[in-house]
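The values are calculated or read from the model by the stated rules, or taken from the named source; none is laboratory data. Just so it is clear, the model here is predicted, and its values are computed rather than measured. Virtual Cβ from ideal backbone geometry, glycine too; neighbours counted across all protein chains shown.
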Amino acid sequence: MADSVTARTPKRSLKTNAPKQSLGKTILHYKYFYLMVLPVLIWYALFSYAPMYGITLAFKSFDYSKGILGSPWIGLENFQTLLTDPDFRRAFWNTVIISLMKLITHFPMPIILAIVLYEFSRTKMKRFFQTILTFPHFISWVVLSGIIINILSKDGIYNQIIMLFGGDPNSPLVDESAFRPVLYITHVWREIGWDSIIYLAALAGINPELFEAAEVDGANRFRRLLNIAWPGLKSTVAVLLILQVGQLLTQGSSFEQIFNLYSSPVYSVADTIDTYIYRTSFTIGGDFGYMTAVGVVKSIISLILLWAANSFAKKMGEEGLY
């Protein structure tokens, strides 16, 4: 009996001996792509990296006549003053409370709205509601604040309705217990439609045949949302939550919103880090070195929050930013 012969295919090496291109040749080869990126790089260099030199002000006693370079170094004195300043501590905790409450009250709303709009069977009705809810995002806080002030003033619609039912007129914008809820409600009203767009895009990327198959198998609407829609949204929710946490001390306590709505009667509950920096620097004639130190502390805390949120998302099995 003849021995069977097995043909063997020689293994191919994955390594290639092709010489690597130099950086100059690579740039020349992809010159049009690099030209498209160039304006963005210039913008970041001029407006994001070049101003970082101003961080040195945090370690100096700024003198207008000497400028940044000539002002004397004072080490960590500005940071020591910051830690013992009761006004800064008040502004810091106001920022944390307002930002956290905005995150809690607002973050789930666009997700819920996106799911509700996705379930709309009538396209025209869906577009109508989406347009109405997105429109406030494109109006500046200066204009919106004027509208809100007129509505909540003593002669506004809010108090007219209260008096109609026998209540006493009041102004939530000068009431310490009511001012923060006004911030939360108006923030949700302005941003819910705009923030829902990215979730609608994520839902649109889910294969509709999955929903049809689940419906044929007898799954109700809740089960379809829980087992099909939510897994398709999870990674998007994780990334946006990381970004929101990283910007907690900046976007959460929106300077434009608070600055245009608050007044001296509510400083104790409304004065945030950004409004504190503005008031101390430009209206009270404060020390720019000290205010830079405040900004540096805020940036460091934001960086720590971003890192913590990213690490938590990865441990939960979701995608991170890096």
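Restricting to region 157-191, name every residue that is under 28 Å from Gln130 (Cα atoms) and more than 26 Å from the chain's Cα centre (by Cα). Hits for region 157-191 are Ile157, Tyr158.
Figure legend. Inter-residue proximity from region 91-111: first residues closer than 12 Å to Asp271 by Cβ, second residues of a type in the set (S, T, N, Q) and surrounded by 16 or more Cβ atoms within 10 Å (Cβ to Cβ), beta-carbon distance below 8 Å, spacing 6+ or different chains. Indicated pairs: Ala91/Thr272; Ala91/Thr275; Asn94/Ser253; Asn94/Thr272; Thr95/Ser253; Thr95/Thr272; Ile98/Ser253; Ile98/Thr272. Determine whether region 138-152 contains at least one residue that is closer than 20 Å to Ile198 by Cα, of a type in the set (A, V, I, L, M) and in a helix (DSSP H, G or I). Within region 138-152 (the criterion being closer than 20 Å to Ile198 by Cα, of a type in the set (A, V, I, L, M) and in a helix (DSSP H, G or I)), the answer is no, since none of the residues qualifies.
The requirement of being without any contact (Cβ under 8 Å) to a residue 24 or more places away in the chain and more than 24 Å from Ile112 (Cα to Cα) is fulfilled nowhere in region 218-239; no residue meets it. The single condition among (1) modelled with pLDDT of 90 or more; (2) loosely packed, with under 15 Cβ neighbours inside 10 Å that Tyr184 does not meet is (2).
Pick from region 1-30 the residues that are surrounded by 10 or more Cβ atoms within 10 Å (Cβ to Cβ) and of a type outside the set (Phe, Trp, Tyr): which of them is modelled with the lowest pLDDT?
Applying the first criterion (surrounded by 10 or more Cβ atoms within 10 Å (Cβ to Cβ)) to region 1-30 yields 21, 25-30.
Among the residues that remain, those that are also of a type outside the set (Phe, Trp, Tyr) are: 21, 25-29.
Details: Gln21: 70, Lys25: 82, Thr26: 84, Ile27: 82, Leu28: 85, His29: 85.
Among those that are surrounded by 10 or more Cβ atoms within 10 Å (Cβ to Cβ) and of a type outside the set (Phe, Trp, Tyr), it is Gln21.
The selection criterion, being surrounded by fewer than 18 Cβ atoms within 10 Å (Cβ to Cβ), without any contact (Cβ under 8 Å) to a residue 24 or more places away in the chain and of a type in the set (A, V, I, L, M, F, W, C), holds for Val116.
To keep it simple, each residue is scored yes or no on (1) polar (S, T, N, Q); (2) farther than 18 Å from Ala293 by Cα; (3) in contact with a strand residue (DSSP E or B) (Cβ under 8 Å, 6 or more places away or on another chain).
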{"residue": "His29", "(1), (2), (3)": "no, yes, no"}
{"residue": "Val40", "(1), (2), (3)": "no, yes, no"}
{"residue": "Ile55", "(1), (2), (3)": "no, no, no"}
{"residue": "Phe59", "(1), (2), (3)": "no, no, yes"}
{"residue": "Asp63", "(1), (2), (3)": "no, no, no"}
{"residue": "Trp73", "(1), (2), (3)": "no, no, yes"}
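Counting only helices (runs of 4 or more DSSP H) wholly contained in region 203-276, the ones carrying 3 or more residues that are aliphatic (A, V, I, L, M) and over 19 Å from the mean Cα position of the chain (by Cα) occupy 208-216.
Could you please let me know if Val188 is in contact (Cβ under 8 Å) with a residue 40 or more places away in the chain and not acidic (Asp, Glu)? Steps first, answer last, please.
Values: in contact (Cβ under 8 Å) with a residue 40 or more places away in the chain: yes; not acidic (Asp, Glu): yes.
So Val188 passes the test.
Of all residues in region 21-53, those that are small (Gly, Ala, Ser) and within 24 Å of the chain's Cα centre (by Cα) total 3.
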